[in-house]
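See below for the structure under consideration.
The values are calculated or read from the model by the stated rules, or taken from the named source; none is laboratory data. Note that the coordinates shown come from a computational prediction; the quantities given were computed from them, not determined experimentally. Every residue, glycine among them, receives a Cβ derived from its backbone with ideal geometry; neighbour counts consider all protein chains shown. All accessible areas refer to the heavy atoms of the entire protein, side chains included, with ligands and DNA or RNA removed. Shrake-Rupley method; radii C 1.70, N 1.55, O 1.52, S 1.80 Å.
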Amino acid sequence: MTDSQQGGRGVGRLYGVGVGPGDPSLVTVRAAELIGKADVIAYHCARHGRSHARAIAERYLTGSQLEERLMYPVTVETTDHPGGYRGALDDFYQEAAARLAAHLDAGRDVVVLAEGDPLFYGSYQHMHKRLAHRYPTEVVPGVTSISAAAARLGTPLVEAEEILTIIPGTLPEEELAARLAATDSAVVMKLGRTFPAVRRALERTGRLADARYVERATMDGERTGALAEIDPESVPYFSVAVLPSKVAALDSAGRPFAAPAQDASARDASARHASTQDDSEAVGEVVVVGTGPAGPLWLTPEARGVLANATDLVGYTTYLDRVPVRAGQVRHGSDNKVEGVRAEFALELARRGRRVAVVSSGDPGVFAMATAVLEAACEDPYRDVPVRVLPGMTAAHAAASRAGAPLGHDYAVISLSDRLKPWEVIARRLRAAAEADLVLALYNPGSKSRTTQVGSARDLLLEYRSPETPVVLARDVGGPTERVRTVELAALDPADVDMRTLLLVGSTQTRWVRRGGGAEVVWTPRRYPEG
C-alpha cells in the first residue's frame, strides 16, 4: 500500500524487520538502517519481559525511541480465558495491533522486531495480517535459524534434486514420523519439550544416526552434536534437529566423504578398518516396497523413506524407472519373469550388509514380489536376513476409485494368468466366486502370449450373471495412458484387454448409474437383500 492510497494522510509506515538467529553481526544492513531510524520499536516477549529479538537489535537502537513491549498473556501454560488458549492469543493480537495502529495513525514509523525471519514462524506475521492492508508496509527478511544451524554444522542441507522439509516438532509423533520418512533432508523446529517425540520419530524411520542437533545457533551457549547423544532434559526451545543432505556427503563415485573434522591419520585409520572388515559379519535388510499402480502420487510416506534410504534398489526395470535416481544408490534392474532370481539376489546383497529395497508395483503382497522374497528368505542361507513388507495402493482399489465403488461389498481377487497354475484351477475358483455372487477383481487378464483367458472367463461368468452385468475395464490407472470405461459383460471384447488392464466384474447387486452431466458411476450396495 502506498502513501497515495492513504488519501494524503500522514500515517506512519509499518516495518517487519528480521534480526537474524542471534548474533547481532548477522543483522542485515537494511534492518540496521530501519531500526536506527524508527520512531517506535516493538517486540514480542513472554511474561518474564525479556525479548531475544530486542537483545539482538540493541546495538542499533538510539535510546530515544518509543518502545512497545508486546507481552504474551500465555505461552504454553493453561488459561481461564473463555475462548481457551486460542481465544486468549487472538485477543492479545488484536490489542497489540491496536496499539501499533495508534502510532501509525499518529504518523510514527513502527519497526516490529522479529527473531530470524519475520514471516517464518514469527510473531510479526500476526501483526502483518491485521495491519498490512491498512498501512504502507515493508518486510525485511532475516537469516533464519535453519540457515544458521546449517552454517554451524558446516553441512549442506540439500543438493541437486533433494527436497528439504521444515517440520514443527509440535506435530503428533505419527505425523512427525510420516514427514521424516517421506523427505530427503529435514529441519525440525520447536524442540524443547517435544524433543523425546522427535527423537522417537527419527528412530522409527531409521534416521536417528544421521540426525544432528543445534542449540542456540550463533548465540551465547551454542551447542551442536549428534542428536542421538543429547540428553532430552537439556534441550531448550531454541534448538533444531537437522537431517542434512545425503548427496552432499558423497563423492563423484557415490562414496561417503571423510568427515571434515578428521585429520589425515584418522582418515587413514578409518580406511584401514573399512578395508579389513568382513562384509559377511554385517547383516543388512530387505524391504519389499509397494509403489502403487503408477507414479509418486501413489507412494506412502513410509515407502518414500525406505526408497530414499536404501543402498540398493532391486526390481523389474519398468518399476525401477518410477523411482527417482539418487546419488550413491545402486540400481539392479531385471526382466519381469525372474522373480525368484531377483529375490535371492536382494537377500544376498542384504547378507553383505546392504539396505535393499525390492520395488514392486501396487501392493507387494498381491500377485507381486513379497511372496517371492519370503519364499527364498525361509530357506538357507537367508533365514536370518531381516525382511519387511511395506504395503502399497493395490491396482484393484485404484481402479475401483476411478469407477466409483464397485468393491463396496464382498469381493474376490483372482489372477487369470495360468503361467504358475493350471487353467482348471482358475475356472474352478471363478465358478465358486460367481456362485457366491461376489464382485470379482481379475488381475493379469491377458498378454501377447495369453489370448484366450478373458473370453473363457466371460463365457463362464455368463452362466451365473446377466449379460447386462457391469464390467469395469481399467487400464494404466494413474499412468499417462489411463483409460477407465464400463461395458456389459456380454459385450466384453478380449481384444480390448491387455496385461496393463484390470477387470472389475459386478455382482448381481452392482449398479451402473448415469448421473448429472453424463458421468457414470459403478457401485455395489453395502446391504445384501435377505433371502
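General observations
- Where a residue in region 50-63 is in a loop (DSSP other than H, G, I, E, B) and its partner, wherever it lies, is small (Gly, Ala, Ser) and modelled with pLDDT of 95 or more, with Cβ under 8 Å and at least six apart: Leu61/Gly36; Thr62/Gly36
- Pairs are defined by a Cβ separation below 7 Å, a sequence spacing of at least 6 or placement on different chains, a first member in region 349-360 that is touching a residue at least 60 places away in the same chain (Cβ under 8 Å) and outside any strand (DSSP E or B), and a second member that is charged (D, E, K, R) and open to solvent by less than 30 Å² (accessible area, probe 1.4 Å); the pairs so defined are Leu349/Asp312; Arg354/Asp312.
- Residue check for Pro406: modelled with pLDDT of 95 or more, in contact with a strand residue (DSSP E or B) (Cβ under 9 Å, 6 or more places away or on another chain) and surrounded by fewer than 16 Cβ atoms within 10 Å (Cβ to Cβ): no
- Lone qualifier among Val387, Val338, Val358, Val413 - being hydrophobic (A, V, I, L, M, F, W, C), under 20 Å from Ala308 (Cβ atoms) and open to solvent by 30 Å² or more (accessible area, probe 1.4 Å): Val387
- In region 498-521, residue nearest to the chain's Cα centre (by Cα) [restricted to those that are buried (at least 20 other Cβ atoms within 10 Å of the Cβ) and in contact (Cβ under 8 Å) with a residue 60 or more places away in the chain]: Leu502
- Every condition in (1) among the small types (Gly, Ala, Ser); (2) buried (at least 16 other Cβ atoms within 10 Å of the Cβ); (3) assigned to a helix (DSSP H, G or I) holds for Ala186 except the one numbered (3).
- The residue list Ile41, Ile56 contains one member that is crowded, with 19+ Cβ neighbours inside 10 Å, more than 20 Å from Phe238 (Cα to Cα) and modelled with pLDDT of 95 or more, which is Ile41.
- Scanning region 196-215 for residues that are modelled with pLDDT of 95 or more and open to solvent by 40 Å² or more (accessible area, probe 1.4 Å) yields Pro196, Arg199, Arg200, Arg212.
- Scanning region 216-225 for residues that are open to solvent by 40 Å² or more (accessible area, probe 1.4 Å) and touching a Leu at 6+ places or on another chain (Cβ under 9 Å) yields a single hit, Thr224.
A quick yes/no check of all residues on (1) out of contact with any Phe, Trp or Tyr (no Cβ under 7 Å at 6 or more places or on another chain); (2) at pLDDT 95 or above; (3) of a type in the set (D, E, K, R):
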site: Glu95; (1), (2), (3): yes, yes, yes
site: Met127; (1), (2), (3): yes, yes, no
site: Tyr135; (1), (2), (3): yes, yes, no
site: Val140; (1), (2), (3): no, yes, no
site: Thr144; (1), (2), (3): no, yes, no
site: Ala177; (1), (2), (3): yes, no, no
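- Ala376 vs. criteria open to solvent by less than 40 Å² (accessible area, probe 1.4 Å), within 28 Å of Glu348 (Cα to Cα) and without any contact (Cβ under 8 Å) to a residue 40 or more places away in the chain: yes
- Total residues in region 307-326 satisfying the condition of being surrounded by fewer than 20 Cβ atoms within 10 Å (Cβ to Cβ), of a type in the set (A, V, I, L, M) and farther than 19 Å from Ala182 by Cβ: the figure is 1.
- Of residues in region 226-248 being surrounded by fewer than 19 Cβ atoms within 10 Å (Cβ to Cβ) and small (Gly, Ala, Ser), the one nearest to Gln329 (Cα to Cα): Ala248
- Looking across region 456-472, the residues that are open to solvent by less than 10 Å² (accessible area, probe 1.4 Å) and under 30 Å from Tyr319 (Cβ atoms) come down to Ala457, Val471, Val472.
- Filter result (closer than 15 Å to Arg419 by Cβ, open to solvent by 10 Å² or more (accessible area, probe 1.4 Å) and either aliphatic (A, V, I, L, M) or in a loop (DSSP other than H, G, I, E, B) (or both)) within region 430-453: Asn444, Ser447, Lys448, Ser449, Arg450, Thr451, Thr452
- Beta carbons closer than 6 Å, at least 6 apart along the sequence or on distinct chains, pair a first residue in region 291-308 that is more than 20 Å from Arg354 (Cβ to Cβ) and in contact (Cβ under 8 Å) with a residue 60 or more places away in the chain with a second that is outside any loop (DSSP other than H, G, I, E, B) and open to solvent by 40 Å² or more (accessible area, probe 1.4 Å) for Gly292/Trp298.
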